[in-house]
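Novice: One structure, pasted below without further comment.
The values are calculated or read from the model by the stated rules, or taken from the named source; none is laboratory data. The shown structure was predicted, so the numbers you read here are calculated from the model rather than taken from an experiment. Virtual Cβ from ideal backbone geometry, glycine too; neighbours counted across all protein chains shown. These area figures cover heavy atoms from the full protein model, side chains too; ligands, DNA and RNA do not enter into them. Shrake-Rupley method; radii C 1.70, N 1.55, O 1.52, S 1.80 Å.
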Amino acid sequence: MEKELNWAVIGTGVIANEMAQALQRMDKTLYGVANRTQAKAIDFAKKYGVKKVYDEIDEVFDDENVDIIYLATSHNTHYQFMKKALEHGKHLFVEKSITLNSRELDEMMALAKEKNLILAEAMTIWHMPIYKELWKIVQSGELGKMQIMTVNFGSFKEYDMNNRFFNMNLAGGALLDIGVYALSAVRSFMSKQPNEIVSQVRFAPTGSDEQATILLKNEDQQMATIALSMHSKQPKRIMISLEKGYIEVYEFPRGQKATIVDAVTGKQTVIEKGNTENALYYEMCDMEEAVRNQDDSHLNLEYTKDVMDIMSQLRKEWKMQYPGEKW
């Protein structure tokens with residue numbers, strides 16, 4: 001009989017709640033919870049029947065019963081917690097954006113490899129069944145070569161400069177919050193990493209990136225356009241244009257349905273796979289499989305690195321550096 005893997009979560013926000021609910025769908029109970037404010041951790045534990053509440057966050061790293069840590073805190077805290085978790089032998093599943101920049105991610109990837117641990121970003125696009133199906137279709141060549149993608153992701157956030165969307169101290173901004181989804185989608189359908197990147201950016205009063213447009217091209221001449229905004233609503237939409245048709249996915253970060261349009265006949269074929277509500281369930285099942293088999297090939301960490309390299313390059317070009325950040 002396989003040993004049950006014990007999960008602990010750091011953070012008690014929206015994602016942590018979804019994570020606890022996903023474990024319940026797996027017929028499991030969250031083992032441990034840690035939070036900066038212990039009272040919130042206690043309330044969270046009562047809500048989900050969590051076995052252990054830690055007095056201090058650092059205690060979760062020392063607990064020999066913890067196998068996997070789900071890190072669901074703000075971007076700017078990830079690096080410090082990731083380093084401690086990996087140094088203490090914990091497999092690690094980290095909310096997007098996995099780190100602030102490429103330097104941090106490269107260091108953590110090297111540490112995970114040294115410790116023989118699984119490290120992955122909790123990026124829904126890597127795990128939703130609809131994408132696993134679409135990758136097969138695109139890679140089969142039945143629609144011809146992928147030529148260009150367009151991606152839109154816009155959300156209207158009120159100008160509260162203290163919230164995480166605009167707060168530089170919390171690593172706010174469109175790129176790390178929503179751009180990471182757009183870039184991950186693009187990278188997953190491109191044959192190679194983009195090597196030509198140009199952009200425009202508009203900053204919020206705090207100095208965070210409020211709005212941006214990004215153009216990408218790779219060595220195979222595949223292209224993509226991305227439009228991001230934290231202060232104007234857009235559809236969460238991707239369009240994948242191929243030689244013999246195009247594919248559209250709406251609500252793409254947790255997509256469950258895609259429409260394929262034949263370029264000649266205009267015939268529409270709708271494909272549905274998975275369920276939006278089960279996004280974290282798919283993520284965590286894939287993570288457990290990786291830990292049990294010591295095989296992370298389906299977690300797409302190499303794509304996570306490619307996306308992080310793009311985001312780091314863009315922010316350097318924008319001269320947008322977070323307080324205390326080291327490139």
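Novice: Quick check on this structure: which one of Gln147, Gln139 is touching a residue at least 60 places away in the same chain (Cβ under 8 Å) and surrounded by fewer than 17 Cβ atoms within 10 Å (Cβ to Cβ)?
Specialist: Just one listed residue meets the conditions, Gln147.
Novice: Quick one: how many residues across segment 161-192 are farther than 22 Å from Tyr250 by Cα, out of contact with any Lys or Arg (no Cβ under 7 Å at 6 or more places or on another chain) and either part of a strand (DSSP E or B) or open to solvent by less than 70 Å² (accessible area, probe 1.4 Å) (or both)?
Specialist: Result for segment 161-192: 8.
Novice: May I pose another question? Taking the stated definitions as given, is Asn35 surrounded by 20 or more Cβ atoms within 10 Å (Cβ to Cβ) and in contact with a Pro (Cβ under 9 Å, 6 or more places away or on another chain)?
Specialist: no
Novice: Further question: Go through segment 83-117 and count every residue that is open to solvent by less than 10 Å² (accessible area, probe 1.4 Å) and of a type in the set (A, V, I, L, M, F, W, C).
Specialist: 9
Novice: Just give me the residues in segment 223-234 being open to solvent by 10 Å² or more (accessible area, probe 1.4 Å) and either part of a strand (DSSP E or B) or touching a helix residue (DSSP H, G or I) at 6+ places or on another chain (Cβ under 9 Å) (or both), in sequence order.
Specialist: Of everything in segment 223-234, those that are open to solvent by 10 Å² or more (accessible area, probe 1.4 Å) and either part of a strand (DSSP E or B) or touching a helix residue (DSSP H, G or I) at 6+ places or on another chain (Cβ under 9 Å) (or both) turn out to be Met223, Thr225, Ala227, His231.
Novice: Kindly check whether there is at least one residue in segment 261-269 that is in a helix (DSSP H, G or I) and either under 26 Å from Ala22 (Cα atoms) or hydrophobic (A, V, I, L, M, F, W, C) (or both).
Specialist: No, there is no match, as no residue in segment 261-269 is in a helix (DSSP H, G or I) and either under 26 Å from Ala22 (Cα atoms) or hydrophobic (A, V, I, L, M, F, W, C) (or both).
Novice: Now for a different question. Take segment 202-220 and flag every residue that is open to solvent by 30 Å² or more (accessible area, probe 1.4 Å) and either in a strand (DSSP E or B) or in contact with a strand residue (DSSP E or B) (Cβ under 7 Å, 6 or more places away or on another chain) (or both).
Specialist: Arg202, Phe203, Gln211, Thr213, Leu215, Lys217
Novice: Moving to a separate point now. Applying the selection to segment 272-300, what residues are in contact with a strand residue (DSSP E or B) (Cβ under 7 Å, 6 or more places away or on another chain) and surrounded by fewer than 20 Cβ atoms within 10 Å (Cβ to Cβ)?
Specialist: Those that are in contact with a strand residue (DSSP E or B) (Cβ under 7 Å, 6 or more places away or on another chain) and surrounded by fewer than 20 Cβ atoms within 10 Å (Cβ to Cβ): Glu272, Val291.
Novice: Would you mind telling me which numbered condition in (1) out of contact with any Lys or Arg (no Cβ under 6 Å at 6 or more places or on another chain); (2) free of Cβ contacts under 8 Å to residues at least 40 places away in the same chain; (3) of a type outside the set (A, V, I, L, M) Asn116 fails?
Specialist: (2)
Novice: With respect to Asp160, is the statement that it is of a type in the set (D, E, K, R) and over 25 Å from Asp309 (Cβ atoms) true?
Specialist: Considered against the rule, which asks whether it is of a type in the set (D, E, K, R) and over 25 Å from Asp309 (Cβ atoms), Asp160 comes out as yes.
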